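Each remark here refers to the structure printed beneath this line.
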Amino acid sequence: MAMDAVRHCVLGCLPAPAVTRAGTLSAADDNDGEDRISALPDELLRDIVSRLPIKDAARTAVLSPRWRRVWRSTPLVLYDAHLFPSSSEDARVAAIHRILAGHPCPLRTVHLAYCFFGVHERRLAKWSRFLAAGGVQDLVFISQPPPVDMPLPADILRCTELRRLYLGFFHFPDTRDLPNGAGVFPHLREFVVLNTCIEDRDLDHMLASSPELETLAFVVSYGMPKLVRLLGKKLKCVLFWLSMAEELAVVDAPSLERLIMWHTRPPSRFDESDDEPRMRVKIACAPELKVLGYLELGVHKLQIEHTIIKADTEVSPTCMVSSVKILALRVNFSVFTEVQMLANFLRCFPNIETLHVESVIADEPTGEHYAEFFEKVSPIECVRNNIKKVVLHKFHMDISEVAFLKFITQRADELQKLTLVLPDEALVQVGQDLLGALAIPPWASKECMVLLVGPIVERGWDFYRASDLSIDDPFLLEHEQELFCLVKKGE
C-alpha cells in the first residue's frame, strides 16, 4: 500500500472530535443584551469552555479575571487539527508546547495527528512527560511520516489515567524493564495500533496491564506483532484491519463478542510447511463470541481448540463455536478446495443465523463438478435449522456460485431473506439467468424474500462500523440500488 494511502487509512480511523468549530457562542441575550453565561456557576463555565476549540477556549481568558481562572481550571481538550489552517508547522508545534507546558489543570483529551515528530524529537520527549504528568485520559498520538517507525518515548507508558489510546507511525518502546500488572493502565478501555511496530512481548505487556480493556484494534500492521495473543477478561471487540501476522489467537477472552478481520494475510517472509503460507486463526476460549469474519478460506488456517479445520476434517462438538450468530466468509469459488472447505467451516458454527459470503471468482470458468459436490454434502446443522439470512456479496452468476445458492435454498428450512449483491460488471447480465436459477424447486423454507441489489456504497463498510457494538450486523451495508425483490414460497 502506498504511503499516501496508508496515511489516509490511518487518519480515517481516528475518533471524531468531541468539540466542533461549527457552533457559535454568545454571552449576550439577543433581546436585552444581558450577559447570562457569566452568571452561571464556575463548574458549568468550565464544562462550556472544555467544549470549545482550543483557540476559542484560550481566548476566554482575556474576558475577565474570573474567566481567566475558569480557563486555568478547565481540564484541557486539545485537537491540533483546530490550529489549522492559519498556523505554520513550527507555529503549531510552538503553540502546542506552550499549552501542554503552561496549562495548570489536568489534561482530559489530547489529539495530535498532524505533527512531523521526525523533525521535533525533543518536543516529542517533553510532550510525553507533560502528558504523563497531566494525567491525560484520551490520547491520539500520530507521528506524520517520514519516518514510519518513530521511537515512541517510554514516558507515554506512564500515562496511568488513560481511557483511550491511539498510536500511529511509531515503534513501541521496549517494556522488558517496565512494571507489569493491572496497576499500569487500570482504566484503559480502547487501544488502537495504527501502522505501529509492536513486539509480541510488548503487546502481551499491554494486555496484561489493562484489566478494563474492551476494544483492541490493529490497522495496517505489517507483521509486528507476529503473534497476536488475545487475553482479557473484559475484551469485547477486536479488529485486525488491513494487517499481517503469523497468528491471531483468541487464548482467553471470556467477554469477546466481535472478532473482525479485514484484508489480512501472513507476512510474505513467513515460512510454513504448506505450499501456500496461511495466517493461523485460533479460537480457544471465547464463549460469548457472536460476530466473526471475514474468515478467508484461501488465506486463513482455522484452528478451534486443538483441531485444524480442513476439507476432510471430521467436525466434532469439541471443534465447534456454538456462540457465533453472524459469520462472514470470503471464498474463491473458482478453487475447488476452498469450496470443499466451505462446508466444513459452516459445520464449525452450528448456530449461525446470518451468513455473509463474499465471492471471489478467477477469470477461468469453473466446472460442473461443483453442483455434484453440493448435492452430496451431508446435512449441516446451521444450514438446516438456524440460518435465517444469507447475503452473497459480489455475486457473478458463476456456475459454482449458483450451485452454492441452490444448496442453501434447498436445505435451509428457516431461511427468511436472501440478498444477492452484484458487482459492477455483473449488472448487465442478471435477467433470465438469475430468474431461472431462483425458479428451480424445491425451496426448503416456507417463504423467503429474495433481494437483488447493486454494488455496495464504498463508505458503508469502514472501521467505525466494524467497531461499533451497537450495530448488530457490521457486515450488512446500505446499497446503491435495489434491482428487484420477490417473495419465493416453498414447494
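Quick notes
- Only a single item in (1) farther than 18 Å from Tyr294 by Cα; (2) open to solvent by 10 Å² or more (accessible area, probe 1.4 Å) is not met by Ser400, and it is number (2).
- Under the condition of being modelled with pLDDT of 75 or more and crowded, with 16+ Cβ neighbours inside 10 Å, the residues counted in the range 463-491 number 9.
- Residues satisfying the stated conditions in the range 130-169, i.e. farther than 14 Å from Pro106 by Cβ, without any contact (Cβ under 8 Å) to a residue 60 or more places away in the chain and small (Gly, Ala, Ser): Ser143, Ala154
- Residues that are at pLDDT 95 or above and closer than 22 Å to Tyr294 by Cβ do occur in the range 175-192, at least one of them.
- Qualifying residues in the range 110-142 (those that are aromatic (Phe, Trp, Tyr) and open to solvent by 30 Å² or more (accessible area, probe 1.4 Å)) - the one farthest from the chain's Cα centre (by Cα): Phe130
- Exactly one residue out of Val299, Val281, Val331 is modelled with pLDDT under 95 and over 21 Å from Lys388 (Cβ atoms), and it is Val299.
- Residue within the range 78-88 that is surrounded by fewer than 18 Cβ atoms within 10 Å (Cβ to Cβ) and at pLDDT 90 or above present: no
- Set Lys406, Lys394, Lys389: member being modelled with pLDDT of 90 or more and open to solvent by 40 Å² or more (accessible area, probe 1.4 Å): Lys389
- Of all the numbered requirements in (1) at pLDDT below 80; (2) more than 31 Å from the chain's Cα centre (by Cα); (3) in a loop (DSSP other than H, G, I, E, B), Asp433 misses one, and that requirement is (3).
- Looking across the range 185-199, the residues that are surrounded by fewer than 21 Cβ atoms within 10 Å (Cβ to Cβ) and either among the hydrophobic types (A, V, I, L, M, F, W, C) or not in a loop (DSSP other than H, G, I, E, B) (or both) come down to Glu190, Cys197.
- Filtering the range 222-239 to residues that are open to solvent by 30 Å² or more (accessible area, probe 1.4 Å), farther than 21 Å from Gly168 by Cβ and assigned to a strand (DSSP E or B) leaves Leu227, Arg229, Leu231.
- Which numbered condition Asp155 fails, given (1) open to solvent by less than 10 Å² (accessible area, probe 1.4 Å); (2) out of contact with any strand residue (DSSP E or B) (no Cβ under 7 Å at 6 or more places or on another chain); (3) not in a loop (DSSP other than H, G, I, E, B); (4) not small (Gly, Ala, Ser): (1)
- The helices (runs of 4 or more DSSP H) found wholly in the range 38-113 and carrying at least 2 residues that are more than 27 Å from Tyr166 (Cβ to Cβ) occupy 42-50, 65-72.
- Every residue from the range 188-221 that is more than 14 Å from Phe172 (Cβ to Cβ) and out of contact with any Phe, Trp or Tyr (no Cβ under 9 Å at 6 or more places or on another chain): Leu188, Arg189, Ala208, Glu214
- Meets criteria (assigned to a loop (DSSP other than H, G, I, E, B), of a type outside the set (A, V, I, L, M) and open to solvent by 10 Å² or more (accessible area, probe 1.4 Å)) for Pro145: no
- Residues of the range 140-194 satisfying the condition of being β-branched (Val, Ile, Thr) and closer than 16 Å to Val6 by Cα: Ile142, Val148, Val192, Val193
- Residues of the range 296-352 that are closer than 22 Å to Val402 by Cβ, in contact with a helix residue (DSSP H, G or I) (Cβ under 6 Å, 6 or more places away or on another chain), hydrophobic (A, V, I, L, M, F, W, C) and in a strand (DSSP E or B): Val331 alone.
- Verdict on Leu165 being part of a loop (DSSP other than H, G, I, E, B), open to solvent by less than 10 Å² (accessible area, probe 1.4 Å) and modelled with pLDDT of 95 or more: no
- Check on Arg72, over 32 Å from the mean Cα position of the chain (by Cα) and open to solvent by 70 Å² or more (accessible area, probe 1.4 Å): yes
- Scan of the range 73-100 for residues that are among the hydrophobic types (A, V, I, L, M, F, W, C) and within 14 Å of Val136 (Cβ to Cβ), ordered by number: Leu76, Val77, Leu78, Ile96, Ile99, Leu100
- Phe172 vs. criteria more than 26 Å from His103 (Cβ to Cβ) and crowded, with 22+ Cβ neighbours inside 10 Å: yes
The values are calculated or read from the model by the stated rules, or taken from the named source; none is laboratory data. Remember, it's a predicted structure, so these values are computed and weren't measured experimentally. When we count neighbours, we look across all protein chains shown, and the Cβ atoms used for this are built from the backbone with ideal geometry, even at glycine. These area figures cover heavy atoms from the full protein model, side chains too; ligands, DNA and RNA do not enter into them. Shrake-Rupley method; radii C 1.70, N 1.55, O 1.52, S 1.80 Å.
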